[in-house]
1. I want the local charge near B:V214. Using Cβ-Cβ distances under 15 Å, sum +1 for each Lys or Arg and -1 for each Asp or Glu among the other residues.
2. Name the residue, out of B:L180, B:L143, B:L79, whose mean-square fluctuation peaks in a Gaussian network model built on chain B with Cα pairs under 10 Å.
3. On full extension of the chain, what length is gained from B:F140 through B:Q364, given 0.36 nm per residue of separation minus the C-alpha to C-alpha distance?
4. Points 7 angstrom from Cα along the Cβ direction at A:A383 and B:K221: gap in nanometres?
5. Accessible area lost on pairing A with B, both sides, 1.4 Å probe, Å² to nearest 100?
6. So with the 1.4 Å probe, I'd like the accessible area per residue for the protein assembly as shown, rounded to whole Å².
7. May I ask for the angle, rounded to the nearest 10°, between helix A:103-126 and the longest principal axis of chain A, with both axes built from Cα atoms and the value confined to 0 to 90°?
8. What percent does the relative contact order of segment B:197-329 come to when contacts are Cα pairs within less than 8 Å and at least six residues apart?
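The values are calculated or read from the model by the stated rules, or taken from the named source; none is laboratory data. For clarity, every value in this text was computed on a predicted model and none was experimentally measured. All Cβ positions, even for glycine, are placed from backbone atoms using ideal geometry, and neighbour counts span all protein chains on display. Please note that ligands, DNA and RNA were not included when accessible areas were found on the heavy atoms of the full protein model with its side chains. Shrake-Rupley method; radii C 1.70, N 1.55, O 1.52, S 1.80 Å.
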Amino acid sequence: MGRASPGFQNYRLAVALGGLFFLAFLLMRWGQAIARDWPEVLLFAFLSIVSESLKINLQKSAAMSVSFLVTFSALLLFGPAAAALIEAVSVFNWDDLRLRLPALTMGFNAGQLAISMGLAGIVYLLAGGTYGNPSHLSYPFALLPIFLAAATFFLANTFFVSIYVGIAEDSSPLSIWAYQYEWMVPNHLALTVIGVVLAYLYSGTGAVGISLLIIPLLIARQTFQVYMKLKNAYLETVRSLVQALEAKDPYTRGHSERVAEYAEKIARYMKFSEAMIEMIRYAALLHDVGKIGVSRKILSKPGKLSSDEYQLIQEHPKIGAQIIHEVDFLREPLSAVLYHHEHVDGNGYAFGLKGEEIPLMARILTVADSFDAMTSARPYRNAMSVEDAYHELIRCSGSQFDSATVQAFLDATDYYQELESRKGAEEVVTEKT
Amino acid sequence: MLRRKLSELVLIKAIVVILGLIILVVFLPFVWMDKLGLAAIFFVACAVIAGLMDVQLPQGGSVSVDGAVVVASIALLPLPKTLLVVTGGTLIAALIKRSWRNSGGIGFVVTSKSVTATAATAVFYLFRGEIGKIDPIGGFPALFAMSTTYFAFEILMDELSKLRRRVPSLSALASSGKFLFPLYLTFSSLGILLALLYGTMGAWSALFFFLPLVVTRHSFKLYMDIRKVYTNTIKALANTIEAQNPDRRGHAERVAEIATGIAREMGLHGKDLELVGYAALLHDIGMIAVDEEAEKSGVDHAAIGAEIIEKVEFVRDASEMVRMHHASYATNGMTFGACIISVASRFDDLTNDMTIERRLNEAQALAKIKRDQSILYDPKVVRALWSFLSKRGILDRNWRLT
């Protein structure tokens, strides 16, 4: 979001102003509940700000917070105007204030939240829902408006944010929505249920009751946040460990990192899920961890290896798998590490598997690994040119490499582009001569 | 010294068990006195479900979730019924989990929980709490004092049951209390909530109780699991050294065991103890980059190891221990953490020498290390190694560190 394009500015401004007008309309139409119950509305606004302050930041721009359940129960208790107002003031939370978000972004957030919650409230009333005392709701008929209202909020909210991210990052809002928000549906549903529960609790036991429920939920969120932080730092930890281990050998320095890059490109091109791409990254980072175990003298030896030494090197996928097998989290990458030197024609090591017997993740790793090995220097030979390495991949596709994977690699990297530009360059050169 | 402490612990445990038995014998017969049978069944059922939700801790032991149910039951039911909830819940949950084998353990758990519940009930009365009449605002101090007492006792009893040889120190109690505080705050809130709601909602209150409980437990468990993943990853990468040098197989893990034993003897706990463990696992990681020839020409595997560790955030604070693990006691900047690694590593080298003829037994190795103390090693660390080994029963009791 470095430079703000005029379109981006206008979008934020439009949503902020739209939100303001919409909120004014809601207040005129359903505002009397706020005037009557203002201390309680204030309490809910406070709770919403507190829970928004403790939200968990996920990747990129999505954040998960429990404030929705607070505002949703406010909708059931005080109606659409109060809920939209509470949702709008939740932008003044500690987490966002600390980040010093630009005023326009804050305005956008307040606007889109007010519109989403206000729409949800109107849908709720249109579908036959009532607000005030939730124990008057009759089940199961009250479930329909509750469900429709929650769905409206979710759709409207993610709609505004997807467009926001889409303009900011110049990509399609729809794919952003599918990638970032689809999985949040069950989570949102759970929050809705707790929101209804909260409204009940409030009408029964007042502030003490809801505090007793919200405290555990906030603690659970806090623990979850620490968990997410550790989980996100895990990739960094593995990467820096592997880097540190490789660093001392000039021939392998950065190798795993580059292989991870290539493998990720292939996997992305093959439309793997984000979770699988993450696993491939781990497999690539750790694929040679068993080589660290092979004596350094053999590895850096120029010239031919004796058959004993060669056998020892061939053990490294097994040693690598042995090393990481204790880590539950790395179950998936394990087989890729174990089979990353197999050839599709069965002439690889350490097991001599053929074709489809080799897991796809391992076949991807083989291509990525070989490409980087060819294009970097070894004690016994110089680095191959990128062009030659591509040709070597194509030549051995179907024997050493899985041809579909090689094809994906060529498509995913700039091979064809390079080919084109080279042709272009050659033509220029020929014209000149 | 050791013998005295051992009997002290046995004595405390015995007192707890006897006290618990007395309480059960005196109060349980009154369980039929009133007409709250349905409520008692409801709470026993809740206690069983909660009893099945134990959270395993990575350092061993577990946190039981049923305390929240017991807190609610203390507030709502007379003591005999609460004792029924405690014993019934624990025994049925154990039956379902089939953890009968450790019947002595179960006996201690049941009696210690009875003592805990009785103490909390006493505090509840002390604060003028009225059983069965819960006032959300005026009755709050009594509820709060009661649940705090309950969980303070539970932490104490839990520490007692975990230890086999030592009486828990106050600082160890405080550190595990601090670590588990959010969890106990959750149990406390939910217990009071359950007590509050049961009066108006009856059995439906279980919904409000278990929903947040499950959420909390789930995120706590995720957190515990990811910590375990980290530890295992560090262990796995420490194994790369051994893959390179099969003579050293098991060295890192043995040193980690001895080093944490020494550190515990010296009163370290929590995060510091964990760091000593990581430093011990990784102390030779620099060997990856240095072979023996290079070492002879002056490349120092300890310095390189420290450099490697510094780059990894999770274990960064262990880097100084690794850097100094071959330095002698008098060296400037030598910490006792580094000295622990140094002593533990030396001890394992001596007792697991590849040449069998040169291998020493534990007593000989300790004597040899002892000879070099105050030049190479901190005498306090050597003494801690001695007491660790004697408590493990590795050294003969009569062997004296002279």
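1. +1
2. Maximum fluctuation in the GNM of chain B, among the listed residues, is at B:L180.
3. Working it through step by step, the gained length comes to 74.4 nm.
4. Spacing of the two 7 Å Cα→Cβ label points: 4.9 nm.
5. On the way: alone 22290 and 21070 Å², together 39200 Å².
Summed over both sides, the interface buries about 4200 Å².
6. 47
7. 60
8. Relative contact order here is 18 percent.
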